[in-house]
Amino acid sequence: MATKHPNSMDSRRSLSARRRTAVLVFLAALLPVSLFCPSAPLIAQARSTAATIDGFGVSYAAPSGWTLSGREGRIHAWANATQSAALVIYAGHFSPLELALGDAQRVLGVPRDEDTRIITPLTPTSFGSRTGMSGSLRIVGARSVVAHVAVVQLDDSTVLGAVAVLDSATQDAVLAAASREVTQLLTNASLRSGEKDTTLAARLSGVWAANVAYTSSPTGGGYTNDESWSFRADGAFAYKKRFAVSMPGAAVTPEERNDQGRWYTIGGALVLISEEGRMTVDVQFAGGKLVLDGTTFTKQ
């Protein structure tokens, strides 16, 4: 991304870069097809405006006339009446608030070769008596869109985020209207006590490791990646990573990362607390193996 604001969605990159997963790999299927293909037919679905994000205790009402087109855990996707815009709502436990903006970036699915241009910088915003942040940006690339992004702090850890995704030709007045709808939604959201996900906690408890080695036949070089997570039953976690590259005739310093802190599960997601803050991470399992941030771990 060529342009970044000091309060950009890459805030706290060191924490999020190694732990995040593609929270919306299913987003393309949920977004209105006509947002990227104007000739696509409308999708007939039952309409509803009220929704609750299970586990997190968050309830909100989508703008009138919008349809819930898909949901996966803590993430909901809505389409407007003409299937020309999308609204993605997500909840999580984050602190500081800037960490929640990383989810917004993944909702938008911005590849590195596309350009993000700030329309309205991300700045502190009041949503009634609650604090938050909001801003608008234009993404130029294979999927050129305009987006309004906002997050609100519902309590000391629970955050509700919204991303309105509009056609790249959207006029300023339409973008302003979308931002007002997002503001109303976040202002009126309600919160009750969340529920810890004991089933997921039991499944995660233990040590998970990934050991990958690659050697290039033509050059003799290669790399190794040893990475592990330890989720203890007492709520402590430890993370270790050692990535080493070998190049014939050259000395390369291995990359090593170590972290530790507290963990818990809620609403089908993993929450990590370390000295860098509190962050929600989506969890996937494939064939009994754990997938975090695209890396597959085997239980030891």
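Tabulated values for the structure
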| item | result |
| --- | --- |
| Among the candidates A61, A44, residue that is open to solvent by 20 Å² or more (accessible area, probe 1.4 Å), out of contact with any Cys (no Cβ under 7 Å at 6 or more places or on another chain) and modelled with pLDDT under 90 | A44 |
| S144 of a type in the set (S, T, Y), farther than 23 Å from R74 by Cα and either open to solvent by 70 Å² or more (accessible area, probe 1.4 Å) or in contact with a Pro (Cβ under 9 Å, 6 or more places away or on another chain) (or both) | no |
| Yes/no for T183 being under 30 Å from S136 (Cα atoms) and either at pLDDT below 90 or in a strand (DSSP E or B) (or both) | no |
| Index of the failed condition, A164 passing every other in (1) open to solvent by 10 Å² or more (accessible area, probe 1.4 Å); (2) in contact (Cβ under 8 Å) with a residue 60 or more places away in the chain | (1) |
| Unmet requirement for Q300, which otherwise passes all of (1) in contact (Cβ under 8 Å) with a residue 24 or more places away in the chain; (2) farther than 28 Å from A91 by Cα; (3) surrounded by 14 or more Cβ atoms within 10 Å (Cβ to Cβ) | (3) |
| Scope segment 192-224; condition assigned to a loop (DSSP other than H, G, I, E, B) and either within 20 Å of Y239 (Cα to Cα) or open to solvent by less than 70 Å² (accessible area, probe 1.4 Å) (or both); matching residues | G194, D197, S205, S216, G220, G221 |
| Spans of strands (runs of 3 or more DSSP E) in segment 225-278 with at least 2 residues open to solvent by 40 Å² or more (accessible area, probe 1.4 Å) and at pLDDT 85 or above | 236-246, 255-266 |
| Condition met for A164 (of a type in the set (G, A, S) and assigned to a strand (DSSP E or B)) | yes |
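The values are calculated or read from the model by the stated rules, or taken from the named source; none is laboratory data. Please read all numbers here as calculations on a predicted model, not as lab measurements. When we count neighbours, we look across all protein chains shown, and the Cβ atoms used for this are built from the backbone with ideal geometry, even at glycine. With ligands, DNA and RNA removed, areas are computed over all heavy atoms of the protein, side chains included. Shrake-Rupley method; radii C 1.70, N 1.55, O 1.52, S 1.80 Å.
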